[in-house]
Amino acid sequence: MEMAILVLQIAALCLLAAAILLWALYFPHPSPLIRRWLPPRKRWPEAQVRVWLKRGKFQRAFLRHFYSDPERVAPAGTSMVAPADGLVTSAEVRGDVRYLVIALSFWDMHVQRSPLAGKVVSVAAHGDDFMDGEGREFAFLREKHCPVQKRVVIATEAGQIAVRLITSIAARRIETWVSEGEDIGRGQRIGRILLGSTVVLELPAATRLLVRPGERVWAGQTPVAEGLAIR
Amino acid sequence: MNDFFSASGHLDWGVFALVVFTGLWFLLFDLVWRLSNVGIGRLVVAMSVGWVVGLGLVWLTLYR
């Protein structure tokens, strides 16, 4: 009996020692034993993701999270919904267009959605080389030496809008799932940036914004603007 | 060594409880540290107080 208790005690101590060894092996990043209880941003800290980016090798669980595509329910009403998950970084007006810039982080879902129902007017790819010229005046383009972009223009009842999917030449992978002439619904998936970065919603300057820089938005779910403002 | 194992032939329950509790408390500290935004100094103080209270409870349970 004493022997059995001793064996059980030693087994329990070995399990504890293994848990502490795992902690030490993974420190400063979280041990696999506690990852499930951490939110994504803490489960895979930025420093760890940057190391993976340099090596080109990622943890499978992180990739599963990165490529996940959860269902979203668009809110009732006719407001424009966010085209991407992320943080609104600016809402600058240039001429007749308002540029609502959404920065995506490593932990955001990377599937983009249509802000409104409408007809796709064009899907155009831009940028493979160093960009100089008119695009450089925009901060969201200036930050990247070689912004690789796809611009989806959609004709809606609120006017013509565009969703610009931007990544860098290092990532260079954008998929679009809609084509010219196609009718699309509000909140419908329109594409995916496979490693990156920024989504810009181009709206008529007169639309009324419902979000401010610094706020978080979720694709297909967060109302970001509505109708045409009364001048 | 003989003292450590105690006369009954297995690890003394007090020593065993102390080691297991300390190990688990340490792992819990790591989890709380990652989940909370509290400064490390305040967290160390709070967790140390918790550890001492835990040890007191172990002692009260086993040796009272």
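None of the figures in this text is laboratory data; all of them are computed from the coordinates on show. If you're wondering where the values come from, they're calculated on a predicted model, not measured in any experiment. FYI the Cβ positions are ideal-geometry reconstructions off the backbone, even for glycines, and counts take in every protein chain you see.
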- Return one number: the angle in degrees, 0 to 90 and rounded to the nearest 10, between the long axis of the Cα atoms of helix A:2-26 and the longest principal axis of the Cα atoms of chain A. 30 degrees
- Item | Distance (nanometres) between label positions extended 7 Å along Cα→Cβ at B:Val19 and A:Ala47 | 3.2 nm
- Task: Quick one: plug the Kirkwood hydrodynamic radius of the stretch B:13-63 (C-alpha pairs) into Stokes-Einstein at 4 °C, 1.567 mPa s, and report D in µm²/s.
- Result: 112 µm²/s
- For the stretch B:11-32 and the stretch A:178-225, distance of Cα centres in Å: 50 Å
- How large is the convex hull of the Cα atoms of the protein assembly as shown per residue, expressed in Å³ as a whole number? 197 Å³
- Hey, how much of the P(r) for the stretch A:2-66 falls beyond 13 Å, as a percent of Cα pairs? 71 percent
- Helical contribution to [θ] at 222 nm, DSSP H n ≥ 4, -39,500 (n - 2.57), averaged over chain A, rounded to 500: -6500 deg cm²/dmol
- Task: Quote the Stokes-Einstein diffusion coefficient, in whole µm² s⁻¹, for the stretch A:1-109, based on the Kirkwood radius over alpha carbon pairs, a temperature of 25 °C and a viscosity of 0.890 mPa s.
- Result: 134 µm²/s
